[in-house]
Structures are given as C-alpha cells and as structure tokens.
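Step one of this worksheet: look at the structure below.
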Amino acid sequence: MPEESIENINFNDLNKRAISQPLVTNIYTADPSAHVFNGKIYIYPSHDVDAGEAFDDLGSHFAMEDYHVISMDSIESEAVDHGVALHVNDVPWAKEQMWAPDANEKDGTYYLFFPAKAHDGIFRIGVATSNSPTGPFKAQPEAIKGSFSIDPAVFKNEDGSYYMYFGGLWGGQLQRWRTGEFNAEQTESPTAFLPKDNEPALLPYVAKMTDDLLEFAEKPKPIEILDDNGNLLLAGDNERRFFEAAWLHKYNGKYYFSYSTGDTHFICYAIGDSPYGPFTYGGRILNPVVGWTSHHSICEVDNKWYLFYHDSSLSKGVTHLRSVKVAEIKYRADGTIITLNPYKD
Ligand code: FUB
C-alpha cells in the first residue's frame, strides 16, 4: 500500500473499504497511545501539521509542535478533542518535532511522556505532569537523564512498577547510539550507521522508571527479539525486525512487545515472559496502511482488545497528515493474534 503511487488510489473507494474511520477530523492525529483511566478511554496522539518542511527520509516533514488529548466515553462513542495539552514552547529543553507520545497514571497524577529534538538536534524523551488526564501538562525543565531516540511507551506492570520502551531508526536516530555515545557525523542518509544485513538488527530499549516516574531507575537495556530458533532477528530481516513504535501489553499471563517494521510498514509482535524480554517473534497485527508510517497501541476496553492505529486516508495519502483509528483485534486460543487488513478487499 505505501509503495503504491498515491495518484492511483481511489480514496472514495478506499475509505468505503476501510475497517474503521478517523476518530477525529478537525485536526490530523497520529501515533495513538490509548489507555483507560477511571473507566474512560484517553488517546495520546501526535498532532500532525503541515509546517511546509520538505519530505525527507529523516522525517523533517514531521514538524509537530504540540499535543492534544482525545477522550471517548466508550469505544462506540464520539471522540472529543480537548485542545492543546502541551506546546513545545513550554518545554525548556525541547526545540522541535514533538513526535509519538504516551501517558500513564500514578496516584492521581497523569504523566505525559514525549520525544522531541533538543536544542542540540538530538532526540531526547521528556515528562510532563498534570492532575487531569487531558492536561494541561507542565513539563519538567530537563529531559529524562540518559534518554535518547523516540517513541516512548510506558507500561504499568501488575506489581505497580512502570517500564519505558523506546527507540526508532532513521530520523529517530537509534542507529547513532550504537556505541553508547551519540555519533554526530554529518550525513543525510537514513541508513548510515545501520548494521549490515547479516548482522543482528538494532534493538529497542527498556528501562524501569523511578517511583516518581520522572527518571530512569536504571540504564536502559536492549530488548532482544528472537526467531523460533532463539536467534536475534537480523538487520536484513526487514519484514520482521524492529524499526520504531514500541508498545507493551500483557495478555493471558504473557508480555506482548509490538512495534512497526518501518520501511516494510507492518505492525508486528513478539511474546515473552518478562517485561524485559527476550521476546520471540509471533507475527503481524496490522498489514500496511495508506501513508508511509504505521504506529499503534493496544488497549483492553470492556473485556475486548483494540488496536489504535493511524493512516493517511483523510489527507488522501499525505505522509505526515495522518488520522487515528481504532479496530478490534482477536487472539487465537494459542495466544497468536489474527492479522488485520486495514481495508477490505
Ligand atoms: O509521528 C512521527 C513519527 O512517525 C513517529 O515518532 C514514528 O513512530 C512514526 O509514526
């Protein structure tokens, strides 16, 4: 779907075949992180805008400046946009590119976790807090110490501990951190510094959070994604290896780590027995959507499981003008997930 020329797509037909429609149409939204707080659904998306930046493989066209929170009383009800919850101008350490966020709650305080490029051009991850799930959020003066790259997702484990999952290739800069230090060498190539195809793929990271959820309690650890033989997926395994958009949920006693394969446009998952992994590749959750990126979250609402995702159907295929959608997912008895096709044949 993303490789198909946009001119060849009949969007009226595509929208009729879509398994779901945009949740809001007054603004463009992407990268939805969904949670149920106090019986209500809250979605923390990116707020897509057209800032006039030229398209490039490092994502300069994703020039988002703020976050809005969307809520729904139930999965069938109308989605409500609560307006600006945090603006980049109110984040002392951040300069630009407010990419995919997540949120969580602890003891009545709501935490918004978000990546942005700092004034030195390096992506970091920050935290902002509020006493309301819809904000407004007040940002911490500094980014999380030791944070890097993009796409934070914060999972609350049953024992009350919280873990942040993060990382993203190309514009998300994960490949620049291979030595543990940021490689600042000048290049416009999104694939510079990536491992060779026959080497293990770059891994996303996880870190337990401190009790106040404002810092990492430990040095981030790489998350191993293995094949059925127990080997790390290789960098050349483009249809299965991690690219960006980490998420963790627990189903039937197992931890499911899900993510986007980026340039091959799948949402995939891997299953493990610990929040740290290792995770064994399990399959695809979502086939490619219209638009280059694919990003998701998985949330249980009233004993059913839902995939929140996005596509570029409303903007007729504009990569950086996306819309958040939701569709139910189903598990087989063996715990595998039935792959969704975002558009019916
Ligand atoms: O929205 C900007 C970036 O695009 C996100 O951080 C990635 O996950 C991709 O969806």
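The values are calculated or read from the model by the stated rules, or taken from the named source; none is laboratory data. Since we're looking at a predicted model, the values are computed, not measured. As a convention, Cβ positions derive from the backbone with ideal geometry for all residues, glycine included, and neighbour counts pool all protein chains shown. Just the protein is used for accessible areas: all its heavy atoms, side chains included, with ligands, DNA and RNA removed. Shrake-Rupley method; radii C 1.70, N 1.55, O 1.52, S 1.80 Å.
Worth a mention:
- Fluctuation leader among 39, 160, 59 - the chain, Gaussian network, Cα springs under 10 angstrom: 160
- Heavy-atom surface of the chain, accessible at 1.4 Å and reported per residue (Å²): 42
- Relative contact order for the range 3-329: 16 percent, from Cα pairs under 8 Å spaced at least 6 residues apart, divided by residue count.
- Gyration tensor (alpha-carbon) shape descriptor, the range 209-335, a/c threshold 1.5: rounded
- Accessible area per residue was computed with a 1.4 Å probe on protein heavy atoms; residue 23 scores about 40 Å².
- Check: the chain dipole with +1 on Lys, Arg Cβ and -1 on Asp, Glu Cβ, in debye: 500
- Rg to Rh quotient for the range 3-329, alpha carbon positions, Kirkwood Rh: 0.93
- Among 108, 89, 286 the positive-end extreme of the charge dipole of the chain (Cβ point charges): 108
- Among 17, 322, 176, the order of accessible area from largest down is 17, 176, 322, computed with a 1.4 Å probe on protein heavy atoms.
- Neighbours of residue 148 by Cβ distance under 11 Å: Lys/Arg scored +1, Asp/Glu scored -1, total +2.
- The range 52-67 - phi-based ³J(HN,Hα) in whole Hz, Karplus 6.51/-1.76/1.60, Gly and Pro as x: x, 6, 5, 5, 8, 6, 9, x, 4, 6, 8, 9, 5, 10, 8, 10
- Environment charge of residue 57, counting only residues whose C-beta is closer than 11 Å and scoring Lys/Arg +1, Asp/Glu -1: -3
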